[in-house]
Amino acid sequence: MDRTETVEFMNMCMICNGDKVLVQDRKKQSWSGIAFPGGHVEAGESFTEAVIREVYEETGLTISDPHLCGIEDWYEDNVHYVILLYRTERFEGTLHSSDEGEVWWENIGTLSELNLAAGMENKLCVFKQDYISELFYRKDGDEWVYELK
């Protein structure tokens with residue numbers, strides 16, 4: 001049995017500031033709406049370095065002590081996609097938006113009222129609940145279904 005597969009690693013970070021979290025209104029047509037900052041892991045980069053870099057590029061904030069709270073993953077076109085989901089309360093710098101989208105602090109209790117990016121509501125379960133560590137999507141016919149584990 002071949003244990004080698006093509007994998008694409010990405011990350012996302014929920015940055016908490018009291019009862020507020022940093023959100024981003026993503027402009028990218030392929031995945032638009034309100035999400036947390038993040039992006040792709042570059043070749044030769046550690047996962048932690050990648051999330052710190054992505055947050056800085058998209059927000060101007062330098063985060064520290066990002067805590068891995070879970071993953072989101074799925075298979076599509078023979079590629080295993082994995083998003084590492086981090087959370088931190090430690091940051092410094094001056095907040096600014098980027099080409100990825102506008103950023104601002106939002107009350108965590110009002111997130112569900114916003115135009116969330118596809119799948120963000122499910123990701124929030126992993127970010128908020130310590131007993132959930134994986135959000136796994138699979139195809140059931142033409143529909144995507146998910147499992148929280």
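The values are calculated or read from the model by the stated rules, or taken from the named source; none is laboratory data. This structure is a prediction, so every number in the text was calculated from the model and none was measured. All Cβ positions, even for glycine, are placed from backbone atoms using ideal geometry, and neighbour counts span all protein chains on display.
Summary table below
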quantity: Residue check, Arg87 under 12 Å from the mean Cα position of the chain (by Cα), modelled with pLDDT of 95 or more and more than 30 Å from Asp142 (Cα to Cα); calculated: yes
quantity: Flag if Glu42 is assigned to a strand (DSSP E or B) and among the charged types (D, E, K, R); calculated: no
quantity: Criterion: surrounded by fewer than 22 Cβ atoms within 10 Å (Cβ to Cβ), of a type in the set (D, E, K, R), free of Cβ contacts under 8 Å to residues at least 12 places away in the same chain and in a helix (DSSP H, G or I) - qualifying residue of Glu49, Glu57; calculated: Glu49
quantity: Test: residue in segment 65-80 that is among the charged types (D, E, K, R) and closer than 17 Å to Val21 by Cα; calculated: yes
quantity: Whichever residue in segment 60-84 is in contact (Cβ under 8 Å) with a residue 12 or more places away in the chain and assigned to a loop (DSSP other than H, G, I, E, B) and, among such residues, is surrounded by the fewest Cβ atoms within 10 Å (Cβ to Cβ); calculated: Asn78
